[in-house]
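**Student:** Dropping the structure in here first, questions after.
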Amino acid sequence: MKVVAFNGSARKDGNTAILLKRVLKALEAEGIETELIQLAGEQIRGCTACRVCFETKNQRCVINDDKVNEYIQKMVEADGIILGSPTYFGMMSPEMKALIDRAGFVTRATPDTLKYKVGAAVAVARRAGVMTTFDAINHFFLINQMIVPGSSYWNIGIGNKRGEVEKDEEGMKTMDDLGKNMAWLIKKLKV
Ligand SMILES: Cc1cc2nc3c(=O)[nH]c(=O)nc-3n(C[C@H](O)[C@H](O)[C@H](O)COP(=O)(O)O)c2cc1C
């Protein structure tokens, strides 16, 4: 059993990464293998709307000069997918949006690619817009027929400077509970 997490922040090892690592730690404590992929520094362009993926239906994007196909493959192989993003101007980061648009079109072109996998969104902000980020990421899971577990609060953290989110005790506990709930659900679905 494996969960892959993507950090859509342009800042490596920042607050989003801290939240994601907390979820992954809880998953590992339940015996689930994890991997964290940080998009910071990667050049990921958005979908060009060429629709080639709807003709080839091969779970690949025709754009081959970045890592999106590798990321789609990681999603295909995983039992659970976590997408984490900071809030930029009231919405997810452009890196995360590009990944969602590209991976989302490819997986929609090949129906059932992500069906019954477990998905969770994690969002962080200094002050406002965090729920919009959280909600928008969840659209990716829901339209892919994935199963979305809850936690003891919505999966958000509040912080600005790198590391500040650790002071958000409720946010950190929400990540612990999310990891436990994801592990519980993945194990049930594997039976
Ligand atoms: C371009 C940009 C836009 C931002 N817009 C918002 C915003 O709309 N609302 C907010 O509360 N914080 C905003 N922030 C603050 C980040 O969400 C916050 O610093 C967050 O902790 C960054 O996460 P990271 O450390 O994972 O990069 C913005 C930061 C940047 C760089």
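The values are calculated or read from the model by the stated rules, or taken from the named source; none is laboratory data. Given the structure is predicted, the values throughout are model-derived calculations rather than measurements. With ideal geometry, Cβ positions are generated from the backbone for all residues, glycine too; neighbour counts draw on all protein chains shown. What goes into the accessible areas is simple: the full protein's heavy atoms, side chains included, and nothing from ligands, DNA or RNA. Shrake-Rupley method; radii C 1.70, N 1.55, O 1.52, S 1.80 Å.
**Student:** Run lengths n ≥ 4 of DSSP H only: what is the helix-derived mean residue ellipticity at 222 nm for the chain, with -39500 (n - 2.57) per run over all residues, to the nearest 500?
**Tutor:** It comes out at -14000 deg cm²/dmol, rounded to the nearest 500.
**Student:** Return the loop-located trypsin sites (Lys or Arg not before Pro) in the range 1-90 (DSSP other than H, G, I, E, B) with at most 16 other Cβ atoms within 10 Å of their own Cβ; answer none if there are none. It would help to have the intermediate numbers written out before the result.
**Tutor:** On the way: sites: 2, 11, 12, 21, 22, 25, 45, 51, 57, 60, 67, 74; in loops: 11, 12, 45, 51, 57, 60, 67.
When the trypsin sites (Lys or Arg not before Pro) of the range 1-90 are filtered for loop state and at most 16 Cβ neighbours within 10 Å, 11, 12, 45, 51, 57, 67 remain.
**Student:** Moving to a separate point now. Need one number: convex hull volume per residue for the range 1-78, Cα atoms only, in Å³.
**Tutor:** 89
**Student:** How would the chain be classified by its alpha-carbon gyration tensor: rounded, prolate or oblate, with rounded meaning a/c under 1.5 and the a/b versus b/c comparison settling the rest? Walk me through the numbers before you get to the answer.
**Tutor:** Working: a/c = 1.88, a/b = 1.26, b/c = 1.49.
Oblate, because a/c is 1.5 or more while a/b does not exceed b/c.
**Student:** Something else about it: So if R0 is 35 Å, what FRET efficiency would residue 187 and residue 164 give, r being the distance between their Cβ atoms, rounded to the nearest 0.05?
**Tutor:** Computed FRET efficiency for residue 187 and residue 164: 0.55.
**Student:** For labels at residue 139 and residue 67 in the simple 7 Å Cα→Cβ model, what's the distance in nm?
**Tutor:** Using points 7 Å along Cα→Cβ, the separation is 2.6 nm.
**Student:** How far apart, in nm, are two points set 7 Å out from the Cα along the Cα-to-Cβ line at residue 173 and at residue 132?
**Tutor:** Spacing of the two 7 Å Cα→Cβ label points: 2.9 nm.
**Student:** On to the next question. Can you give me the angle between helix 130-143 and the longest principal axis of the chain, using Cα atoms only, in degrees from 0 to 90, rounded to the nearest 10?
**Tutor:** Once rounded, one gets 40 degrees.
**Student:** Turning to a different aspect of this structure: With all protein chains present, calculate the accessible area of residue 61 using a 1.4 Å probe and round the result to the nearest 10 Å².
**Tutor:** Taking all protein chains as shown, residue 61 has close to 20 Å².
**Student:** Now for a different question. How much of the DSSP bridge set in the chain is antiparallel, in percent, rounded to the nearest 5?
**Tutor:** Restricted to the chain, the bridges split so that about 5 percent are antiparallel.
**Student:** Shifting gears a bit: Relative to the longest principal axis of the chain, what angle (0 to 90°, nearest 10) does the C-alpha long axis of helix 94-109 take?
**Tutor:** So the inclination is approximately 50 degrees.
**Student:** What longest region of the chain stays clear of chymotrypsin sites (Phe, Trp or Tyr not before Pro) that DSSP places outside H, G, I, E and B and that have at most 12 other Cβ atoms within 10 Å?
**Tutor:** The longest such stretch corresponds to 1-88.
**Student:** Which shape class applies to the range 28-126: rounded if a/c is under 1.5, otherwise prolate when a/b exceeds b/c and oblate if not, where a ≥ b ≥ c are the square roots of the Cα gyration tensor eigenvalues?
**Tutor:** oblate
**Student:** Using only Cα atoms, tell me the angle between helix 169-190 and the longest principal axis of the chain; keep it within 0 to 90° and round to the nearest 10.
**Tutor:** Approximately 50 degrees, to the nearest 10.
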